[in-house]
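Enquirer: The structure follows.
Each value in this text was obtained by applying a stated rule to the coordinates, not by laboratory testing. Only a predicted model underlies this, so the values are computations on that prediction, with no experimental measurement involved. Using ideal geometry, Cβ is built from the backbone for each residue, glycine included, and neighbour counts are taken over all protein chains shown.
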Amino acid sequence: MSLVTEVRHNVHNTRILSHVARWRNPPSFCVMYASREHLEKRTGSHGVGRFQFLQQLVIEFQKSKNEDDKEQVLANLANFAYDPINYDYIRQLNVIDLFLDMLEEPKESFVEFSIGGLCNLVLDKQNKEYIIANNGVKLIIDSLSRSSAEIIISAVTTLMWLITPSTKADILTVPVIQCMQRLSQSGNSRISNLAVIFLQDYCTSDQIQLADEESSALGIPLPSQPATR
């Protein structure tokens with residue numbers, strides 16, 4: 001199996017821990033479509049205090065003046081975002097709004113953990129609809145201009161999950177396709193493989209041809225060389 005084929009297989013069959021961009025050997029809790037009953041067998045019907053813990057994290061983020069503390073809170077919230085048992089709590093506590101807000105922050109670590117959190121929870125139908133309804137597509141597209149490899153990986157992956165009949169016109173635009181063409185030439189194999197998958201699996205030949213005929217990726221000021229870490 002080629003690397004691109006292996007990545008495509010994982011993209012379509014596992015929940016990605018995007019903020020650390022792990023593609024191989026996903027943990028058992030990453031399997032899609034886990035039933036509520038199965039999840040509660042692992043955690044208990046009362047969520048073993050998860051709501052209270054998540055609530056405390058959100059309050060700490062709101063009250064803290066220390067950026068390092070805020071960064072740690074975002075990292076914890078992103079970790080909790082991979083587990084479907086937490087989704088009701090995450091929605092009740094407006095964590096998705098917090099992630100979306102942080103995408104506009106200048107501090108790249110805030111963006112990295114926030115886009116990672118969104119990527120971890122976007123496969124859920126309710127979460128996906130909420131992200132789309134709250135300007136998430138534009139905010140995630142704008143994140144493609146960041147220099148961090150982890151941000152770009154999570155942003156590309158999240159955009160793929162967000163492609164629906166109603167969002168195709170917003171995501172599969174000439175600037176985004178041109179962006180993916182440029183990323184497909186990245187020296188970072190994770191970035192280039194994802195961009196190739198995006199172009200091959202989601203873009204038509206006519207869309208790619210139109211992107212080839214247009215000028216450079218207007219509206220997405222990509223750094224000339226995304227980080228390779």
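Enquirer: If I take the Cα coordinates of region 87-175 and project them onto the principal axes, what are the three extents in Å, biggest first?
Expert: Answer, in whole Å and largest first: 33, 32, 17 Å.
Enquirer: For the pairs 138/168; 70/107; 65/128; 107/138, flag any whose C-alpha to C-alpha distance is greater than 23 Å.
Expert: Working: 138/168 12 Å; 70/107 11 Å; 65/128 31 Å; 107/138 19 Å.
Beyond 23 Å: 65/128.
Enquirer: Can you check what the net charge comes to around residue 108, using other residues whose Cβ is under 11 Å from the Cβ of residue 108 (Lys, Arg +1; Asp, Glu -1)?
Expert: So the environment of residue 108 carries a net charge of -2.
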